[in-house]
Amino acid sequence: MYDKTRDEFLNDLCPRVRPLIAQIMHCQCGCELLDVFQTRPHTMLELADVIYHVKLSQADVVPTLELLQALAVIEHREVLDTTFYRLTQDAEIIAALEQYWTWRQVWHANMQEVRSALKI
C-alpha cells in the first residue's frame, strides 16, 4: 500500500486503534499474518503452518510473529518442544482488529467501485 493511502486508511480508524494497526501494517507480512489468524481465531498453529499459509520464508515470518506477540495480538504456547500460535483472546485487541478488518473491506469495496467507474 502506498504511504499516502496507508495514512488515509489509518486516519479512518479510531485513534486508539491507529497505533496498533500502524505497527502491524509496517511489518513485512503483518497484514497477511492477521488474515491467517482471522480465519482461524481459535486454532493453534505451528510455525510451519503459518509459513505455509502466508507463503513466505521463516526468516520473513518469525520477526513479524515476534512483534505480534510483543503487541499481544497473538499468543504462543510451548508443548513438547513445539511452539503453537493463535489469535489473542483479549477483547480490546480483538475489537481493534475487527475495526481494521471491517475498514479494510470497506476500502476494498470502494476501490472496486472506482475501478468499475474508470473501467480499469
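What to note about this one:
- The mean sequence distance of close C-alpha pairs (under 8 Å, at least 6 residues apart), as a share of the length of the chain, puts its relative contact order at 25 percent.
- Order of Thr39, Thr88 - criterion: other Cβ atoms within 10 Å of each residue's Cβ, fewest first: Thr39, Thr88
- When exposed loop sites are taken as trypsin sites (Lys or Arg not before Pro) in a DSSP loop with at most 16 other Cβ atoms within 10 Å, the longest stretch of the chain clear of them is 56-118.
- Treating r as the C-beta distance of Asp90 and Gln112 and R0 as 41 Å, the FRET efficiency rounds to 0.80.
- For the stretch 3-118, radius of gyration divided by Kirkwood radius, i.e. Rg to Rh on alpha-carbons: 1.00
No lab work stands behind these numbers, since they all come straight from the coordinates. The structure presented is a predicted model; accordingly, all values stated were derived computationally and were not measured. All Cβ positions, glycine included, derive from the backbone under ideal geometry; neighbour counts span all protein chains shown.
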